[in-house]
């Protein structure tokens, strides 16, 4: 629970800095990476399962690699920031259902983009319509950890 709270605090910090400065500092990404690694190993140890189970480590790394490869083209065309890609890729390491996490995160991001598009349409035709994805990542992470998904 402490590591979950730590991860949430890092994601909150990332969301705040993303909204304020349109950038996620690499130090937050590094702290998140450390939390994800510690979380993975302590959960395995707490469940009395082999800590270095090759198949689980491989699955998590494969999921993170797939997410990175999926999101990288969106970064290259300017649809996502580098910090967003790193944040989502690292967060996938600790969730048991990465596809659910991605679906929730991008659904929340789509909802935010529609709201931002509608709210800036009348007031400012040239307004910045960038959606900062750190907040949807935070929401997706928290919802994925709810005990609703069996």
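Here are the numbers for this structure:
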| item | result |
| --- | --- |
| Scope the range 61-79; condition under 12 Å from the mean Cα position of the chain (by Cα) and in contact (Cβ under 8 Å) with a residue 24 or more places away in the chain; matching residues | 64, 67 |
| Given (1) surrounded by fewer than 20 Cβ atoms within 10 Å (Cβ to Cβ); (2) at pLDDT 95 or above, number of the condition residue 136 does not satisfy | (1) |
| Hey, residue 131 modelled with pLDDT under 85, crowded, with 16+ Cβ neighbours inside 10 Å, under 18 Å from the mean Cα position of the chain (by Cα) and not in a helix (DSSP H, G or I) or not | yes |
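The values are calculated or read from the model by the stated rules, or taken from the named source; none is laboratory data. This one's a predicted model, so the numbers in the text were calculated from it and none came from an experiment. Please note: Cβ atoms are built from the backbone with ideal geometry, for glycine as well, and neighbour counts cover all protein chains shown.
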